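Since the structure comes first, as C-alpha coordinates, the remarks are kept for the end.
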Amino acid sequence: MKYLSYSLIFIGLLIGQISLLSFFPGNSRPDILLLGIIVLGMREGGVPAMITACLVGFVKDAFTTSYIGASMLGLVVAAFMAGNYRHIQLKLGTQSKLILFALIIIVYDFIYYTLFQIKAELHIFDLLINSVLPAAFYTLLFAGIAHFLIPHGLLGTKK
Amino acid sequence: MPKELKVIDIQYLSVTRSEYFTFLICLVVSLCLIFLNDNPQINNVRAAVVDSWAHTLQTISKYRSMAEMRDELSRLRQRTSYLLLENSNLRNAALENYRLREMLKFKESSAYKLIAASVIARDQDQLTRSVTIDAGSADGVAKGDPVILPGGIVGKILRAGKSTSIVQLISDHSFRVACKIQRSRVNGIFQHRDSRTSLLTQVPKNADVRVGDVVVTSGYSHVFPAEVLVARVIATNSDAPSLFQIIEVEPFVDITTIEDVFIVKRMEIKSAEEK
(Lines give C-alpha, C1' and ligand atoms only; values in the text may rest on other atoms or scores of the structure.)
Protein backbone atom coordinates (compact mmCIF):
# COMPACT_ATOMS: atom_id res chain seq x y z
CA MET A 1 0.00 0.00 0.00
CA LYS A 2 2.86 2.31 0.94
CA TYR A 3 4.66 1.65 -2.36
CA LEU A 4 1.42 2.19 -4.30
CA SER A 5 1.08 5.57 -2.61
CA TYR A 6 4.66 6.45 -3.51
CA SER A 7 4.06 5.32 -7.12
CA LEU A 8 1.01 7.57 -7.40
CA ILE A 9 2.90 10.46 -5.80
CA PHE A 10 5.78 10.12 -8.28
CA ILE A 11 3.41 9.87 -11.26
CA GLY A 12 1.83 13.09 -10.00
CA LEU A 13 5.24 14.71 -9.55
CA LEU A 14 6.28 13.67 -13.08
CA ILE A 15 3.11 15.13 -14.58
CA GLY A 16 3.64 18.28 -12.54
CA GLN A 17 7.30 18.59 -13.55
CA ILE A 18 6.77 17.88 -17.25
CA SER A 19 3.47 19.55 -17.90
CA LEU A 20 2.38 22.03 -15.27
CA LEU A 21 5.60 23.63 -14.01
CA SER A 22 6.92 24.07 -17.54
CA PHE A 23 4.27 26.69 -18.20
CA PHE A 24 5.47 28.81 -15.28
CA PRO A 25 6.96 32.15 -16.37
CA GLY A 26 10.73 32.72 -16.10
CA ASN A 27 13.75 30.53 -16.72
CA SER A 28 14.01 28.73 -13.40
CA ARG A 29 11.57 26.29 -11.93
CA PRO A 30 11.72 24.06 -8.88
CA ASP A 31 12.68 20.43 -9.42
CA ILE A 32 9.89 18.70 -7.54
CA LEU A 33 11.08 15.27 -8.71
CA LEU A 34 14.41 15.85 -6.99
CA LEU A 35 12.59 16.84 -3.79
CA GLY A 36 10.49 13.69 -4.07
CA ILE A 37 13.60 11.53 -4.43
CA ILE A 38 15.34 13.19 -1.46
CA VAL A 39 12.26 12.77 0.73
CA LEU A 40 11.89 9.12 -0.37
CA GLY A 41 15.59 8.49 0.36
CA MET A 42 15.41 10.05 3.80
CA ARG A 43 12.16 8.29 4.69
CA GLU A 44 12.55 4.84 3.11
CA GLY A 45 16.27 4.48 2.51
CA GLY A 46 18.62 4.56 -0.46
CA VAL A 47 17.57 1.44 -2.37
CA PRO A 48 13.93 2.34 -3.18
CA ALA A 49 14.99 5.95 -3.77
CA MET A 50 17.72 4.96 -6.27
CA ILE A 51 15.42 2.60 -8.20
CA THR A 52 12.75 5.32 -8.34
CA ALA A 53 15.41 7.84 -9.38
CA CYS A 54 16.36 5.63 -12.33
CA LEU A 55 12.77 5.32 -13.54
CA VAL A 56 11.64 8.92 -13.12
CA GLY A 57 15.00 10.26 -14.32
CA PHE A 58 14.63 8.35 -17.59
CA VAL A 59 11.12 9.73 -18.19
CA LYS A 60 12.24 13.25 -17.32
CA ASP A 61 15.25 13.00 -19.64
CA ALA A 62 13.01 11.81 -22.47
CA PHE A 63 11.31 15.21 -22.48
CA THR A 64 14.46 17.37 -22.51
CA THR A 65 17.13 18.19 -25.08
CA SER A 66 19.90 17.16 -22.70
CA TYR A 67 21.64 13.75 -22.65
CA ILE A 68 19.34 10.91 -21.74
CA GLY A 69 20.65 9.66 -18.41
CA ALA A 70 21.75 13.14 -17.23
CA SER A 71 18.87 13.65 -14.79
CA MET A 72 18.96 9.95 -13.98
CA LEU A 73 22.61 10.10 -12.91
CA GLY A 74 22.03 13.21 -10.77
CA LEU A 75 18.92 11.76 -9.17
CA VAL A 76 20.66 8.46 -8.39
CA VAL A 77 23.51 10.30 -6.64
CA ALA A 78 20.95 12.46 -4.78
CA ALA A 79 19.02 9.32 -3.74
CA PHE A 80 22.24 7.68 -2.50
CA MET A 81 23.16 10.75 -0.46
CA ALA A 82 19.63 11.06 0.95
CA GLY A 83 19.69 7.35 1.85
CA ASN A 84 22.95 7.91 3.73
CA TYR A 85 21.40 10.60 5.87
CA ARG A 86 18.32 8.54 6.64
CA HIS A 87 19.86 7.26 9.87
CA ILE A 88 20.64 10.67 11.29
CA GLN A 89 17.96 12.97 9.87
CA LEU A 90 15.47 12.14 12.64
CA LYS A 91 17.82 13.67 15.20
CA LEU A 92 18.68 16.78 13.23
CA GLY A 93 17.24 20.25 13.66
CA THR A 94 15.52 22.19 10.89
CA GLN A 95 18.66 24.18 10.02
CA SER A 96 20.80 21.05 9.66
CA LYS A 97 18.13 19.41 7.50
CA LEU A 98 18.03 22.52 5.35
CA ILE A 99 21.82 22.31 4.89
CA LEU A 100 21.53 18.62 3.94
CA PHE A 101 18.79 19.40 1.43
CA ALA A 102 20.85 22.27 -0.02
CA LEU A 103 23.94 20.08 -0.30
CA ILE A 104 22.09 17.31 -2.13
CA ILE A 105 20.27 19.76 -4.42
CA ILE A 106 23.53 21.53 -5.36
CA VAL A 107 25.25 18.20 -6.07
CA TYR A 108 22.35 17.14 -8.32
CA ASP A 109 22.24 20.48 -10.20
CA PHE A 110 26.02 20.45 -10.59
CA ILE A 111 25.99 16.97 -12.15
CA TYR A 112 23.04 17.76 -14.43
CA TYR A 113 24.31 21.12 -15.68
CA THR A 114 27.91 19.92 -16.02
CA LEU A 115 26.71 17.17 -18.37
CA PHE A 116 24.68 19.73 -20.29
CA GLN A 117 27.67 22.08 -20.36
CA ILE A 118 29.57 19.49 -22.42
CA LYS A 119 26.77 19.58 -25.00
CA ALA A 120 26.19 23.35 -25.02
CA GLU A 121 29.90 24.34 -24.83
CA LEU A 122 29.47 26.73 -21.92
CA HIS A 123 32.02 27.93 -19.35
CA ILE A 124 31.88 26.06 -16.07
CA PHE A 125 31.98 29.29 -13.99
CA ASP A 126 29.10 30.85 -15.95
CA LEU A 127 27.25 27.60 -15.51
CA LEU A 128 27.70 27.68 -11.73
CA ILE A 129 26.62 31.30 -11.36
CA ASN A 130 23.83 31.40 -13.94
CA SER A 131 22.39 27.90 -13.77
CA VAL A 132 23.44 25.69 -10.83
CA LEU A 133 22.99 28.17 -7.98
CA PRO A 134 19.71 29.80 -9.17
CA ALA A 135 18.16 26.38 -9.91
CA ALA A 136 19.30 25.02 -6.53
CA PHE A 137 18.02 28.11 -4.71
CA TYR A 138 14.62 27.89 -6.41
CA THR A 139 14.28 24.18 -5.58
CA LEU A 140 15.33 24.79 -1.97
CA LEU A 141 12.85 27.65 -1.67
CA PHE A 142 10.11 25.37 -2.96
CA ALA A 143 11.20 22.68 -0.48
CA GLY A 144 10.93 25.22 2.36
CA ILE A 145 7.45 26.31 1.27
CA ALA A 146 6.33 22.67 0.90
CA HIS A 147 7.77 21.84 4.35
CA PHE A 148 5.73 24.55 6.03
CA LEU A 149 2.57 23.83 4.04
CA ILE A 150 2.52 20.05 4.65
CA PRO A 151 1.08 19.33 8.15
CA HIS A 152 3.90 17.01 9.33
CA GLY A 153 6.59 18.50 7.11
CA LEU A 154 8.34 17.01 4.08
CA LEU A 155 9.97 14.29 6.15
CA GLY A 156 6.95 13.67 8.39
CA THR A 157 8.89 14.71 11.50
CA LYS A 158 7.56 18.24 12.06
CA LYS A 159 6.03 18.65 15.51
CA MET B 1 28.34 23.03 20.70
CA PRO B 2 24.71 23.02 19.57
CA LYS B 3 22.80 19.92 20.58
CA GLU B 4 21.84 18.97 17.04
CA LEU B 5 25.48 18.83 15.84
CA LYS B 6 26.41 16.20 18.44
CA VAL B 7 24.32 13.57 16.71
CA ILE B 8 26.22 13.80 13.39
CA ASP B 9 28.39 10.88 14.35
CA ILE B 10 30.31 8.97 11.67
CA GLN B 11 28.91 5.65 12.98
CA TYR B 12 25.44 6.68 11.74
CA LEU B 13 26.66 7.26 8.19
CA SER B 14 26.75 3.56 7.52
CA VAL B 15 25.75 2.37 4.07
CA THR B 16 24.52 -1.16 3.62
CA ARG B 17 25.89 -3.50 0.97
CA SER B 18 22.55 -3.51 -0.84
CA GLU B 19 22.70 0.29 -1.05
CA TYR B 20 26.21 0.22 -2.48
CA PHE B 21 25.21 -2.52 -4.94
CA THR B 22 22.07 -0.65 -6.09
CA PHE B 23 24.06 2.58 -6.38
CA LEU B 24 26.66 0.87 -8.52
CA ILE B 25 24.05 -0.70 -10.81
CA CYS B 26 22.10 2.56 -11.20
CA LEU B 27 25.34 4.47 -11.83
CA VAL B 28 26.39 2.05 -14.56
CA VAL B 29 22.93 2.19 -16.20
CA SER B 30 22.96 6.02 -16.18
CA LEU B 31 26.47 6.24 -17.61
CA CYS B 32 25.67 3.63 -20.28
CA LEU B 33 22.63 5.68 -21.34
CA ILE B 34 24.70 8.86 -21.49
CA PHE B 35 27.36 7.23 -23.66
CA LEU B 36 24.74 5.50 -25.85
CA ASN B 37 22.78 8.72 -26.29
CA ASP B 38 22.73 8.63 -30.10
CA ASN B 39 21.91 4.94 -30.30
CA PRO B 40 18.74 4.49 -32.45
CA GLN B 41 17.31 1.90 -30.05
CA ILE B 42 17.71 4.26 -27.10
CA ASN B 43 16.02 7.00 -29.13
CA ASN B 44 13.18 4.61 -29.98
CA VAL B 45 12.66 3.87 -26.28
CA ARG B 46 12.83 7.59 -25.58
CA ALA B 47 10.19 8.31 -28.24
CA ALA B 48 8.00 5.50 -26.86
CA VAL B 49 8.21 7.02 -23.35
CA VAL B 50 7.16 10.44 -24.69
CA ASP B 51 4.35 8.80 -26.69
CA SER B 52 3.11 6.93 -23.63
CA TRP B 53 2.69 10.26 -21.83
CA ALA B 54 1.04 11.94 -24.83
CA HIS B 55 -2.51 11.12 -23.79
CA THR B 56 -1.94 12.39 -20.25
CA LEU B 57 -0.31 15.58 -21.51
CA GLN B 58 -3.10 16.20 -24.01
CA THR B 59 -5.71 15.70 -21.28
CA ILE B 60 -3.87 18.10 -18.96
CA SER B 61 -3.55 20.57 -21.80
CA LYS B 62 -7.31 20.41 -22.32
CA TYR B 63 -8.02 20.81 -18.60
CA ARG B 64 -5.59 23.70 -18.41
CA SER B 65 -7.36 25.36 -21.33
CA MET B 66 -10.67 24.76 -19.61
CA ALA B 67 -9.33 26.26 -16.40
CA GLU B 68 -8.06 29.28 -18.32
CA MET B 69 -11.44 29.65 -19.99
CA ARG B 70 -13.19 29.47 -16.62
CA ASP B 71 -10.95 32.21 -15.27
CA GLU B 72 -11.64 34.29 -18.33
CA LEU B 73 -15.38 33.76 -17.96
CA SER B 74 -15.45 34.73 -14.30
CA ARG B 75 -13.43 37.83 -15.10
CA LEU B 76 -15.84 38.79 -17.86
CA ARG B 77 -18.86 38.20 -15.62
CA GLN B 78 -17.66 40.95 -13.40
CA ARG B 79 -18.25 43.36 -16.20
CA THR B 80 -21.73 44.75 -16.10
CA SER B 81 -22.36 45.29 -19.75
CA TYR B 82 -23.48 42.37 -21.89
CA LEU B 83 -22.55 44.32 -25.00
CA LEU B 84 -19.00 44.74 -23.78
CA LEU B 85 -18.73 40.99 -23.30
CA GLU B 86 -20.15 40.29 -26.74
CA ASN B 87 -17.83 42.85 -28.27
CA SER B 88 -14.89 41.21 -26.55
CA ASN B 89 -15.88 37.79 -27.86
CA LEU B 90 -16.28 39.15 -31.37
CA ARG B 91 -12.85 40.74 -31.20
CA ASN B 92 -11.33 37.49 -30.03
CA ALA B 93 -13.06 35.64 -32.84
CA ALA B 94 -11.87 38.21 -35.36
CA LEU B 95 -8.29 37.93 -34.13
CA GLU B 96 -8.41 34.15 -34.21
CA ASN B 97 -9.93 34.28 -37.67
CA TYR B 98 -7.17 36.65 -38.82
CA ARG B 99 -4.46 34.45 -37.31
CA LEU B 100 -5.88 31.30 -38.85
CA ARG B 101 -6.31 33.01 -42.24
CA GLU B 102 -2.69 34.21 -42.10
CA MET B 103 -1.54 30.68 -41.25
CA LEU B 104 -3.69 29.23 -44.06
CA LYS B 105 -2.40 31.81 -46.54
CA PHE B 106 1.17 31.03 -45.49
CA LYS B 107 0.53 27.30 -45.83
CA GLU B 108 -0.98 27.70 -49.31
CA SER B 109 1.71 30.10 -50.55
CA SER B 110 4.60 28.05 -49.15
CA ALA B 111 6.67 26.06 -51.61
CA TYR B 112 7.13 23.32 -49.03
CA LYS B 113 4.82 20.71 -47.61
CA LEU B 114 3.80 21.91 -44.16
CA ILE B 115 2.32 19.90 -41.30
CA ALA B 116 0.36 21.89 -38.70
CA ALA B 117 0.73 20.97 -35.02
CA SER B 118 -0.16 22.37 -31.59
CA VAL B 119 2.07 22.70 -28.53
CA ILE B 120 0.98 20.34 -25.72
CA ALA B 121 3.90 20.66 -23.27
CA ARG B 122 6.94 22.84 -22.68
CA ASP B 123 10.37 22.21 -21.18
CA GLN B 124 11.69 25.55 -20.00
CA ASP B 125 14.86 24.87 -18.07
CA GLN B 126 17.80 27.23 -17.54
CA LEU B 127 19.53 25.83 -20.61
CA THR B 128 17.25 23.37 -22.34
CA ARG B 129 14.30 24.76 -24.24
CA SER B 130 11.89 22.46 -25.99
CA VAL B 131 8.20 21.95 -26.62
CA THR B 132 6.22 18.80 -27.21
CA ILE B 133 3.82 18.96 -30.17
CA ASP B 134 0.88 16.73 -31.09
CA ALA B 135 2.25 15.50 -34.42
CA GLY B 136 4.54 12.50 -34.83
CA SER B 137 5.85 9.97 -37.29
CA ALA B 138 2.26 8.88 -38.05
CA ASP B 139 1.71 12.39 -39.45
CA GLY B 140 4.92 12.27 -41.47
CA VAL B 141 7.16 14.08 -38.97
CA ALA B 142 10.78 12.89 -38.78
CA LYS B 143 13.86 13.73 -36.69
CA GLY B 144 15.59 16.87 -37.94
CA ASP B 145 12.54 18.38 -39.68
CA PRO B 146 12.52 22.18 -39.43
CA VAL B 147 9.74 23.82 -37.41
CA ILE B 148 8.65 27.28 -38.49
CA LEU B 149 5.94 29.92 -38.24
CA PRO B 150 5.03 32.61 -40.78
CA GLY B 151 7.23 34.98 -38.71
CA GLY B 152 10.37 32.83 -38.84
CA ILE B 153 12.06 29.67 -37.58
CA VAL B 154 10.99 28.07 -34.31
CA GLY B 155 13.35 25.11 -34.03
CA LYS B 156 13.80 21.57 -35.28
CA ILE B 157 12.42 18.14 -34.46
CA LEU B 158 14.70 16.48 -31.94
CA ARG B 159 12.75 13.26 -31.54
CA ALA B 160 9.65 12.03 -33.33
CA GLY B 161 7.35 9.62 -31.56
CA LYS B 162 4.29 8.02 -33.15
CA SER B 163 1.84 10.78 -32.25
CA THR B 164 4.04 13.39 -30.58
CA SER B 165 7.41 15.02 -31.22
CA ILE B 166 9.88 17.07 -29.24
CA VAL B 167 10.98 20.34 -30.83
CA GLN B 168 14.36 21.80 -29.89
CA LEU B 169 13.66 25.55 -29.86
CA ILE B 170 16.00 28.23 -31.22
CA SER B 171 16.36 29.42 -27.62
CA ASP B 172 17.97 26.12 -26.58
CA HIS B 173 21.64 26.62 -25.71
CA SER B 174 22.82 23.81 -27.98
CA PHE B 175 20.80 24.97 -31.01
CA ARG B 176 22.84 26.29 -33.97
CA VAL B 177 21.78 27.22 -37.50
CA ALA B 178 23.80 28.55 -40.46
CA CYS B 179 22.51 32.01 -41.39
CA LYS B 180 23.33 35.03 -43.50
CA ILE B 181 22.56 38.72 -43.55
CA GLN B 182 19.82 39.16 -46.16
CA ARG B 183 21.16 42.50 -47.45
CA SER B 184 24.91 41.88 -47.65
CA ARG B 185 24.89 38.04 -47.87
CA VAL B 186 27.43 37.78 -45.02
CA ASN B 187 27.40 34.30 -43.47
CA GLY B 188 27.30 33.48 -39.77
CA ILE B 189 25.98 31.04 -37.21
CA PHE B 190 22.91 31.80 -35.11
CA GLN B 191 23.01 30.70 -31.47
CA HIS B 192 21.13 31.59 -28.32
CA ARG B 193 22.83 33.63 -25.60
CA ASP B 194 20.43 34.47 -22.79
CA SER B 195 16.71 34.91 -22.14
CA ARG B 196 16.54 38.10 -24.19
CA THR B 197 19.14 38.03 -26.93
CA SER B 198 20.85 35.71 -29.36
CA LEU B 199 24.10 36.01 -31.27
CA LEU B 200 25.26 35.75 -34.87
CA THR B 201 28.76 34.33 -34.51
CA GLN B 202 31.69 33.63 -36.86
CA VAL B 203 31.17 36.94 -38.72
CA PRO B 204 34.52 38.60 -39.63
CA LYS B 205 35.20 42.11 -38.30
CA ASN B 206 35.30 43.68 -41.78
CA ALA B 207 31.92 42.19 -42.81
CA ASP B 208 29.13 44.60 -43.72
CA VAL B 209 26.54 44.24 -40.96
CA ARG B 210 24.27 47.04 -39.75
CA VAL B 211 21.71 47.39 -36.99
CA GLY B 212 18.30 46.52 -38.40
CA ASP B 213 19.62 44.00 -40.94
CA VAL B 214 17.49 40.92 -41.37
CA VAL B 215 19.08 37.51 -40.68
CA VAL B 216 17.83 34.58 -42.76
CA THR B 217 18.84 30.94 -43.03
CA SER B 218 21.66 30.31 -45.50
CA GLY B 219 20.50 26.83 -46.51
CA TYR B 220 23.96 25.36 -45.84
CA SER B 221 22.75 23.38 -42.83
CA HIS B 222 20.74 20.87 -44.92
CA VAL B 223 18.08 21.12 -42.22
CA PHE B 224 16.47 24.49 -42.87
CA PRO B 225 15.52 25.73 -46.32
CA ALA B 226 17.30 28.91 -47.46
CA GLU B 227 15.93 32.44 -46.91
CA VAL B 228 13.68 31.64 -43.94
CA LEU B 229 13.46 34.60 -41.54
CA VAL B 230 15.44 34.11 -38.31
CA ALA B 231 16.15 37.38 -36.50
CA ARG B 232 16.95 41.09 -36.73
CA VAL B 233 20.34 42.66 -35.86
CA ILE B 234 19.97 44.86 -32.77
CA ALA B 235 23.63 45.64 -31.97
CA THR B 236 27.11 45.15 -33.45
CA ASN B 237 30.49 45.38 -31.74
CA SER B 238 33.80 45.23 -33.63
CA ASP B 239 35.96 46.41 -30.71
CA ALA B 240 36.25 43.06 -28.97
CA PRO B 241 39.77 41.47 -29.01
CA SER B 242 38.78 38.79 -31.47
CA LEU B 243 38.79 38.06 -35.18
CA PHE B 244 35.02 38.22 -35.25
CA GLN B 245 32.32 40.79 -34.59
CA ILE B 246 29.88 40.37 -31.72
CA ILE B 247 26.47 40.68 -33.33
CA GLU B 248 23.41 40.65 -31.11
CA VAL B 249 20.21 39.60 -32.81
CA GLU B 250 16.59 39.34 -31.73
CA PRO B 251 14.60 36.37 -33.10
CA PHE B 252 11.45 37.28 -35.01
CA VAL B 253 9.42 34.56 -33.33
CA ASP B 254 8.55 35.00 -29.65
CA ILE B 255 9.18 31.46 -28.44
CA THR B 256 7.39 31.99 -25.13
CA THR B 257 3.97 32.49 -26.75
CA ILE B 258 3.88 29.90 -29.52
CA GLU B 259 0.78 27.71 -29.59
CA ASP B 260 0.66 26.35 -33.15
CA VAL B 261 3.58 25.55 -35.46
CA PHE B 262 4.34 24.17 -38.89
CA ILE B 263 6.73 21.32 -39.57
CA VAL B 264 8.49 21.56 -42.92
CA LYS B 265 8.94 18.22 -44.61
CA ARG B 266 12.62 17.74 -45.34
CA MET B 267 12.00 15.63 -48.44
CA GLU B 268 10.08 18.53 -49.94
CA ILE B 269 12.89 21.02 -49.28
CA LYS B 270 15.11 19.50 -51.88
CA SER B 271 12.44 19.36 -54.57
CA ALA B 272 11.27 22.90 -53.82
CA GLU B 273 14.80 24.27 -54.03
CA GLU B 274 15.32 22.44 -57.29
CA LYS B 275 12.19 24.16 -58.66
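Across the range A:30-149, Cα pairs under 8 Å and at least six residues apart give a relative contact order of 28 percent.
Legend: residue pairs B:Lys180/B:Lys205; A:Lys2/A:Lys97; A:Lys60/B:Lys156; B:Lys113/B:Lys143; B:Lys162/B:Lys265, Cα-Cα distance threshold 18 Å; pairs beyond threshold, A:Lys2/A:Lys97; A:Lys60/B:Lys156.
Segment B:Asp208..B:Asn39, full-extension length gain: 56.6 nm, with 0.36 nm per residue of separation and the alpha-carbon distance subtracted. Here the accessible area is traced with a 1.4 Å probe on the protein chains. For the range A:30-149, carbon and sulfur cover 73 percent of it. Charged side chains reduced to their Cβ positions (Lys and Arg at +1, Asp and Glu at -1) give the range A:30-149 a dipole of some 400 debye around its Cα centre. Around the amide H of B:Val177, modelled in the peptide plane, lie the amide H atoms of B:Phe190, all under 5 Å away and 5 or more residues distant in sequence or on another chain. Length available on full extension from B:Ser238 to B:Tyr20: 0.36 nm per residue minus the Cα-Cα distance, which gives 73.0 nm. In this structure the range B:114-274 gives 40 Å² per residue of accessible area when probed at 1.4 Å with all protein chains present. Nearest 100 Å² is fine: what is the total accessible surface buried where chains B and A meet, probe 1.4 Å? Answer for the B-A pair: about 4800 Å² buried.
Across peptide A:41-52, the mean count of Cβ atoms from other chains lying within 10 Å of each residue's own Cβ comes to 3. For the range A:132-147, the Karplus equation 6.51 cos²θ - 1.76 cosθ + 1.60, evaluated at θ = phi - 60°, returns couplings of 4, 5, x, 5, 5, 4, 5, 5, 5, 4, 5, 4, x, 5, 4, 4 Hz by residue, with Gly and Pro reported as x. Burial of accessible area (probe 1.4 Å, heavy atoms of protein chains only) in the range B:22-47, relative to its chain alone, reaches at least 40 Å² for B:Thr22, B:Phe23, B:Cys26, B:Ser30, B:Leu33, B:Ile34, B:Asn37, B:Arg46. Label separation (B:Cys32 vs B:Glu96): 5.0 nm, computed from points 7 Å beyond Cα along the C-beta direction. At an R0 of 41 angstrom, the distance between the Cβ atoms of B:Lys162 and B:Asp254 translates into a FRET efficiency of 0.85. Taking 7 Å steps out from each Cα toward its Cβ at A:Leu103 and B:Tyr63 produces label points 3.8 nm apart.
The values are calculated or read from the model by the stated rules, or taken from the named source; none is laboratory data. Bear in mind that the values here come from a model prediction, so they are computed numbers and not experimental data. With ideal geometry, Cβ positions are generated from the backbone for all residues, glycine too; neighbour counts draw on all protein chains shown. Heads up: the accessible areas ignore ligands, DNA and RNA and are worked out on the full protein's heavy atoms, side chains in. Shrake-Rupley method; radii C 1.70, N 1.55, O 1.52, S 1.80 Å.
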